[in-house]
Amino acid sequence: MGEPPARVRLLAADRGFGALVWSGVPNAVGTGPMVALAGAGAALGVAGTAAAALWLPMAVPAGMLLTAVPPALLWWRLRQRRPDGPRRRLHCFERGLVYVDPPAGKVYAHPWREVRLTVRATTVASDYTGVPTRLRSLDVWAEGAGRLFSVGGGELWTVVTDRVTEAGPGGTL
């Protein structure tokens with residue numbers, strides 16, 4: 001959990017939101033997939049150089065691409081993690097939330113009683129097994145702002161639902 005910027009802390013204090021509970025990027029992708037992709041790229045690059053002449057024209061460029069992309073993605077991810085970075089950030093406090101949307105140039109600050117939640121279920125077909133997978137997402141709405149963001153699960157889902165439930169009327173599931 002990152003520390004929110006000073007302007008967010010001041011806004012939350014001004015609104016009486018209390019202590020910070022959670023701060024970060026909703027639905028952020030971790031660095032795990034990038035590390036796995038780098039490992040796969042390195043393995044493919046080594047295998048490609050040892051392959052027969054038939055595989056060489058295809059395996060070496062693929063291995064080089066898979067090896068070069070993850071460091072670029074990691075750099076981008078670290079750049080986005082900065083508290084003043086260009087990504088949308090959510091800061092959950094005991095009695096309200098502050099949602100910073102740099103692309104839109106907006107900052108939303110709402111007490112939990114003004115927040116409404118809806119659960120959306122989506123069914124997607126698997127690429128290789130054909131077995132459909134059911135995914136749930138939690139849409140977070142605020143009065144006067146519309147849908148702020150969606151949560152796919154995990155700790156943030158629990159934090160948001162707990163806070164809205166504790167706030168009482170206004171937040172519905």
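Of note:
- Order of exposure, largest accessible area first, which applies to Leu90, Leu11 with probe 1.4 Å: Leu11, Leu90
- Residues whose placed amide H lies under 5 Å from that of Leu97, excluding near-sequence neighbours: His110, Trp112
- All other residues whose Cβ lies under 11 angstrom from that of Trp141 are scored, Lys and Arg at +1 and Asp and Glu at -1, for a net of -1.
- Accessible-area ranking of Leu10, Leu20, Leu138, largest first, probe 1.4 Å: Leu10, Leu20, Leu138
- With K and R counted +1 and D and E -1, the other residues having a Cβ less than 14 Å from that of Phe17 yield a net charge of +2.
The values are calculated or read from the model by the stated rules, or taken from the named source; none is laboratory data. A quick note: this is a predicted structure, and the numbers were derived from the prediction, not measured. Positions of Cβ are backbone-derived with ideal geometry, glycine not excepted, and every protein chain shown enters the neighbour counts. Each accessible area value is taken on the protein alone, full model and side chains, heavy atoms only, with ligands, DNA and RNA left out. Shrake-Rupley method; radii C 1.70, N 1.55, O 1.52, S 1.80 Å.
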